[in-house]
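Down below is the structure, laid out as C-alpha cells.
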Amino acid sequence: MTPEPAPAPPPVIEIRDLHKSYGSLEVLKGVSITAPAGHVVAMIGSSGSGKSTLLRCCNLLEDSQQGEVIFCGEPVRWRGTGAHRRPADRAQVVRIRTNLSMVFQSFNLWSHMTVLQNVMEAPVTVLGQDRAEVEARARAYLAKVGIADKADAWPAQLSGGQQQRAAIARALCMEPKALLFDEPTSALDPELEQEVVRVIKALAEEGRTMIIVTHDMRLAADVAHHVVFLHRGVIEEEGPPEALFGAPRSERLRGFLSATQPA
C-alpha cells in the first residue's frame, strides 16, 4: 500500500475573527489571517485601518476582546471575556513572544548598549543562552544585514537605515519561527529605505515566515505570497499580490492604490 502523505504542518500564525477595541473605538472588527511556514503576508491600508494593532495582537502585546490567536497549532488560552479578557498562561505568552520577533518602525535600540550588545541582550538574558555562542551568532547576523563593521558602535553613531538593520539582526538572533515587521521603512528617507528593503527581500528568499505591515506597495508586491488590504478594521480585499495590485476588485482598494502611486 502507498503510505498516506504526512499531514501539512499547522500555520505558524493563525488569527481567527479577531476583535479589538479601545473603549468605544472598535479598531478590529473580526479579522482573520493565516501565515503558513515559509510564507510572507503583507498588510496594507490607510493609517488607522488597524494594521499595526493586528500585528501587536499577533505578538500578544495587545489583548483582544474576541477571537483566536493560534501559534503553530497552539491556541492562546484566555481568561475573562470582553474588555476583561487576558491571556491565562504567562509562560505560554513568553514562549510565543520569544518565537515571534518584532521589528518596529522606530528601531527601539537601547542607546546605552553597543550594536552587538543590543543584538545579544535578549538571547542571553531572556533565553539564558551561552554568551559566547550568542556573540558568534550575533556577529553572523550583523554580517548578514551588512553592518558587521558596526558591532562596537553606539546606536547614535548609525544612520537610520543602519539602526533598522541592527534591529533586524536583533530580531533574527532570537532565532524565531516568524518575523513581524511594523512599517520597517516608513521612518527612513528613500536611499536608506532601500538598504532595509534589500535585507527584507533576502529574508523572504530564504523562506522565512513573515508578516509585514508596510506602506511600500513595491515591497509588498515583490516579497509577499499573500496581501491583505485592511479598511476600517475589516479585510476589504485579500489575495496574491498579482491579483490585488494587477486587478483590484474593490473600489476602496483601487482608490487606495491610486493615492499611493508616486507622482
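The values are calculated or read from the model by the stated rules, or taken from the named source; none is laboratory data. Small disclaimer: the values here were computed from a predicted structure and weren't measured. All Cβ positions, glycine included, derive from the backbone under ideal geometry; neighbour counts span all protein chains shown. To get the accessible areas, we keep the full protein, side chains included, count just its heavy atoms, and leave off ligands, DNA and RNA. Shrake-Rupley method; radii C 1.70, N 1.55, O 1.52, S 1.80 Å.
So, with a 1.4 angstrom probe, what is the percent of accessible area on the chain that is carbon and sulfur?
50 percent
Could you compute the net charge surrounding Leu244? Neighbours are other residues with a C-beta less than 15 Å from the C-beta of Leu244; K and R count +1, D and E count -1.
Counting the neighbours of Leu244, the net charge comes to -2.
Between Asn108 and Glu251, what is 0.36 nm times their sequence separation minus the Cα-Cα distance? Round to one decimal in nm.
47.8 nm
Loop only per DSSP, at most 11 neighbouring Cβ atoms within 10 Å: give me the trypsin sites (Lys or Arg not before Pro) in segment 72-143, ordered by residue number. Could the numbers behind the result be given before it?
Details: sites: Arg77, Arg79, Arg85, Arg90, Arg95, Arg97, Arg131, Arg137, Arg139; in loops: Arg77, Arg85.
Qualifying residues, ordered by number: Arg77.
How many nm is it between the label spots at Gln194 and Thr260, if each spot is 7 Å from the Cα in line with the beta carbon?
Result for the modelled spin labels: 2.1 nm.
Taking the Cα-to-Cβ direction at Cys72 and at Ala153 and moving 7 Å from each Cα, how far apart do the two end points lie in nm?
The answer from the label model is 3.5 nm.
Could you size up the charge dipole of segment 51-126 around its Cα centre, putting +1 on the beta carbon of Lys and Arg and -1 on that of Asp and Glu, and report it in debye to the nearest 20? Show your work: numbers first, answer last.
On the way: 9 positive and 6 negative charges, 37 e Å.
The calculated dipole for segment 51-126 is roughly 180 debye.
Near Ala148, within a Cβ-to-Cβ distance under 12 Å, what is the net charge of the other residues, with Lys and Arg +1 and Asp and Glu -1?
Spelling it out: positives minus negatives among the neighbours equals +2.
When you count, for each residue, the other Cβ atoms within 10 Å and take the mean per peptide, how do 228-239, 183-194 rank with the highest first?
Values: 228-239: 19.2, 183-194: 16.5.
The packing order, highest mean first, is 228-239, 183-194.
Lys and Arg at +1, Asp and Glu at -1: add these up for the other residues within a Cβ distance under 14 Å of His39 and post the number. Intermediate values should be presented prior to the final figure.
On the way: positive: Lys177, Arg208; negative: Glu14, Glu205, Glu206, Glu238.
Result for the neighbourhood of His39: -2.
Using 0.36 nm per residue of separation minus the Cα-Cα distance, give me the extension gain between Arg79 and Thr98 in nm, one decimal.
4.7 nm
Hey, rough spin-label estimate for Glu121 and Glu4, points 7 angstrom out along Cα→Cβ, what's it come to in nanometres?
Output for this residue pair reads 4.9 nm.
If you place +1 on the Cβ of every Lys and Arg and -1 on the Cβ of every Asp and Glu, how big does the dipole about the Cα centre of the chain come out, in debye to the nearest 20?
580 debye
Quick one: 3J(HN,Hα) in Hz for segment 80-91, Karplus 6.51/-1.76/1.60 with θ = phi - 60°, rounded, Gly and Pro as x.
x, 9, x, 5, 9, 6, 9, x, 8, 10, 4, 5
When the Cα centres of segment 1-69 and segment 144-158 are compared, how far apart do they sit, in Å?
If you average the Cα positions of each part, the centres end up 33 Å apart.
Please work out the average accessible area per residue across the chain, using the 1.4 Å probe convention, and give it in Å².
Roughly 48 Å² per residue, with all protein chains present.
Could you tell me which chymotrypsin sites (Phe, Trp or Tyr not before Pro) in segment 34-143 are loop residues by DSSP with no more than 16 other beta carbons within 10 angstrom of their beta carbon? Provide the component values of the computation, followed by the final result.
On the way: sites: Phe71, Trp78, Phe104, Phe107, Trp110, Tyr141; in loops: Phe104, Phe107, Trp110.
When the chymotrypsin sites (Phe, Trp or Tyr not before Pro) of segment 34-143 are filtered for loop state and at most 16 Cβ neighbours within 10 Å, Trp110 remain.
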